[in-house]
Amino acid sequence: MAMQRTLSIIKPDATRRNLTGEINARFEKAGLRIVAQRRIQLSRAQAEAFYAVHKERPFYNDLCNFMTSGPVVVQALEGEDAIAQNRKVMGATNPAEAEAGTIRKDFAESIEANSVHGSDAPETAAQEIAFFFAGVDIVG
Ligand code: CMP
């Protein structure tokens, strides 16, 4: 397995309920290292640009509203096979379909307010990390 980095976002539903530490503990217990982290308020333009791939989807506008409704924690996670490992720890996008013990099963409120985002492939991970972090911000 190769060492990888992936972009993670702790979403407004989770920061509102003060779950950042509990979610970070799940990542660390799964062998993922938080190598960059920042708590920010996304602007509308940032949310629209970050989720541009979903522009034509019916949920795009609501998703951008939700992602700007409160602070988020953006982070780069590093580890063996980090993209897949993070997706396993997060669980399915829809919490109703997520496996027991996953972040989304335990914490998500809905398919939209699903507590965390994680990159889905190496190319998107590189793009998404660069969206929020400069190289000097990441300390492995
Ligand atoms: P995320 O991994 O951040 O990527 C896109 C987000 O769109 C997804 O998590 C959900 O929060 C949100 N979303 C809202 N409705 C849907 C839907 N019907 N299908 C997929 N994603 C949705």
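The values are calculated or read from the model by the stated rules, or taken from the named source; none is laboratory data. Bear in mind that the values here come from a model prediction, so they are computed numbers and not experimental data. Please note: Cβ atoms are built from the backbone with ideal geometry, for glycine as well, and neighbour counts cover all protein chains shown. These area figures cover heavy atoms from the full protein model, side chains too; ligands, DNA and RNA do not enter into them. Shrake-Rupley method; radii C 1.70, N 1.55, O 1.52, S 1.80 Å.
Return the residue satisfying two criteria in turn: it lies in segment 88-121 and is open to solvent by 80 Å² or more (accessible area, probe 1.4 Å) and acidic (D, E), and of such residues it is farthest from A14 (Cα to Cα).
Filtering segment 88-121 for residues that are open to solvent by 80 Å² or more (accessible area, probe 1.4 Å) and acidic (D, E), the one farthest from A14 (Cα to Cα) comes out as D120.
I'm trying to understand the selection: among the residues of segment 114-124, which are more than 19 Å from M67 (Cα to Cα) and in contact (Cβ under 8 Å) with a residue 12 or more places away in the chain?
A121, P122
When you scan segment 58-71, do you find a residue that is crowded, with 21+ Cβ neighbours inside 10 Å, under 21 Å from A121 (Cβ atoms) and in contact (Cβ under 8 Å) with a residue 12 or more places away in the chain, even just one?
Taking every residue of segment 58-71 in turn, at least one turns out to be crowded, with 21+ Cβ neighbours inside 10 Å, under 21 Å from A121 (Cβ atoms) and in contact (Cβ under 8 Å) with a residue 12 or more places away in the chain.
Which residue is surrounded by the most Cβ atoms within 10 Å (Cβ to Cβ), if the candidates are limited to segment 1-51 and must be in contact (Cβ under 8 Å) with a residue 24 or more places away in the chain, in a loop (DSSP other than H, G, I, E, B) and out of contact with any strand residue (DSSP E or B) (no Cβ under 7 Å at 6 or more places or on another chain)?
Taking the candidates together, the pick is L19.
Could you figure out which of (1) without any contact (Cβ under 8 Å) to a residue 40 or more places away in the chain; (2) buried (at least 18 other Cβ atoms within 10 Å of the Cβ) isn't true of A84?
Here A84 clears every test but (2).
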